[in-house]
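The next block holds one structure in the form of structure tokens; read it before the comments.
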Amino acid sequence: MKELIILGSTGSIGIQSLEVAEKNGFRVTGLTAGSNINLLESQARKFKPLSVAVADTNKAKELKIKLKDTDIKVYSGTDGVCEVAVGRGDTLISAIVGIAGLKPTLCAIKAGKTIALANKETMVTAGEIVNNLAKENGVKILPVDSEHSAIFQSLEASDRKLLKKIILTASGGPFFGKTQKDLENVTVKQALNHPNWSMGAKITIDSATLMNKGLEVIEAVHLFGVKPDDIEVLIHRQSILHSAVEFCDGAVIAQLGTPDMKLPIQYALTYPERTFSYGGLSLSDIGTLTFQKPDTDTFKSLPTCIDAIKKGGIYPAAVNGANEQSVKLFLEGKIKFLDIAEFNARVLSDIKNVKNFTVEDIFNTDKLARELVNGYYLKGKRYLSLPLLIVYGRI
Ligand code: NDP
Ligand code: MG
């Protein structure tokens, strides 16, 4: 029986992973959360893992008390999450959000676990290190991100050497068709209103800025060993064709399905087998599928990510760190929607590369990028007069 560890089990992907595990009869051996101990407790009581971990150390203490009538071991802090990541289990679902997922995923690779990767920030920030470590340890990394799962499935059709290009689709998010002017004063609520997918807050904002697609270009470069110029991003409003590949003879092979993450999660866990359906697709009900080029003048984070991966080195980690901090400030109501892309681009130009970078350099870059973003924010705040601060809702 497959034994699963789920990092980030209280999140959108984590919860759906547990549904998939239950449906397929997998044994769940480890679960982790950032701080949501109420949900983690009920998951632990239902799935009876051997161990759980909470990144927030105070919350971990509380959970330990709550679970004292059970045999479940409770770990705490990032090290505790890593303990769960290397515990018993053959496959690990990496579904923490942000660079917080990097360290435990690296630990799991070193421990020889098969990785079902949802946490794209792991590949974005440290793709080369992750790939090298996976190779050294004979570890398979299977994509959970729906587009990358679609590419992975489409690539099965022929020899990888015959691949000409990847077509990476994007829904376009809630602000498709808008101009920079239209986006000047959009609210957090509007940005969180994704048309097709229900996801965690950070990735939902990334979808609204098209940063998510930029991160996915970088993720695809590392997962499939292609160059950024071999990836074409297309806006596909219906989120039915999850991505495609074109082979040397011009044949385009795609994977289509309803927008439901349980399908790519399950495929990563059952590959190369296929098991349950989560609702088939009626193409006649959908009727029309549309494809358009993205508006990179309005959604500038997409080209920023492509520049970052072309520059290579620590630049993708810098842009990712900048974005994590910008999105945090935006969700807190401290900066405007368009500031996110502006700050991400500024970090790319303000940061210096590090030669022969290590994992430590990645974490240092992430920290520096966040500090730069905080600096831009504070500087902007200082220059605003009191009435403007009230208008912008910053006080
Ligand atoms: P959520 O915000 O819904 O969940 C994030 C999970 O990570 C939660 O379990 C959260 O715990 C945990 N977490 C947060 N911070 C930390 C931390 N510092 N240390 C340890 N754990 C932490 O995110 P999603 O499920 O939406 O996304 C997870 C990953 O999957 C992201 O990388 C995203 O890009 C990717 N992804 C998501 C898709 C989706 O449909 N949601 C689609 C494709 C990819 P707590 O609940 O306690 O806060
Ligand atoms: Mg995706």
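Quick look at the values:
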item	result
Ranked order, C107, C82 - accessible area, probe 1.4 Å, largest first	C107, C82
Relative contact order (%) - segment 124-226, alpha-carbon pairs under 8 angstrom, separation at least six	32 percent
Accessible area, probe 1.4 Å, largest first, for residues E332, E324	E332, E324
Candidates T290, T209, T122: whichever shows maximal mean-square fluctuation once the chain is modelled as a Gaussian network with Cα springs under 10 Å	T290
Mean accessible surface per residue for segment 90-201, computed with a 1.4 Å probe while every protein chain stays in place, in Å²	40 Å²
Helix-only CD estimate at 222 nm, as mean residue ellipticity for the chain, using -39500 (n - 2.57) per DSSP H run (n ≥ 4)	-15000 deg cm²/dmol
Isolated Cys in the chain, by beta carbon distance under 4.7 Å	C248, C305
Nearest-20 debye value, the chain charge dipole, Cβ charges on Lys, Arg, Asp, Glu	840 debye
Heavy atoms of H242: accessible area, 1.4 Å probe, square angstrom to 10	10 Å²
Segment 90-161, accessible surface, carbon-and-sulfur percent (1.4 angstrom probe)	48 percent
Options G87, N137, F175, ranked by Cα towards positive dipole end of the chain, top entry (Cβ charges)	G87
Cα-based convex hull, segment 80-144, per residue volume (Å³, whole number)	65 Å³
Cleavage-rule hits (trypsin sites (Lys or Arg not before Pro)) in segment 237-283: DSSP loop, at most 14 neighbouring Cβ within 10 angstrom	R274
Relative packing of 309-320, 159-170, which averages over residues the other C-beta atoms within 10 Å, highest first	309-320, 159-170
Whole-number accessible area per residue in Å² for segment 1-74, which is evaluated in the context of all protein chains at 1.4 Å	46 Å²
GluC sites (Glu not before Pro) restricted to segment 135-193 and DSSP loop, no more than 12 other C-beta within 10 Å	E156, E184
Accessible surface of segment 29-72 [probe 1.4 Å, protein heavy atoms]: carbon and sulfur percent	52 percent
Whole-percent carbon and sulfur share, accessible surface of segment 188-273, 1.4 Å	51 percent
Accessible-area value, F291, 1.4 Å probe, nucleic acids and ligands omitted, Å²	90 Å²
Most fluctuating residue given options S51, S349, S326, as computed from a GNM of the chain linking Cα atoms under 10 Å	S349
Percent of beta bridges antiparallel (DSSP, the chain, rounded to nearest 5)	25 percent
Debye intensity ratio I(q)/I(0), log10, the chain, q values 0.10, 0.12 Å⁻¹ (C-alpha model)	-0.66, -0.96
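The values are calculated or read from the model by the stated rules, or taken from the named source; none is laboratory data. None of these values were measured; they are calculated from a predicted model. Heads up, the Cβs are rebuilt from the backbone with ideal geometry, glycines too, and the neighbour counts pull from every protein chain shown. The area values use the complete protein model at the heavy-atom level, side chains included, leaving out ligands, DNA and RNA. Shrake-Rupley method; radii C 1.70, N 1.55, O 1.52, S 1.80 Å.
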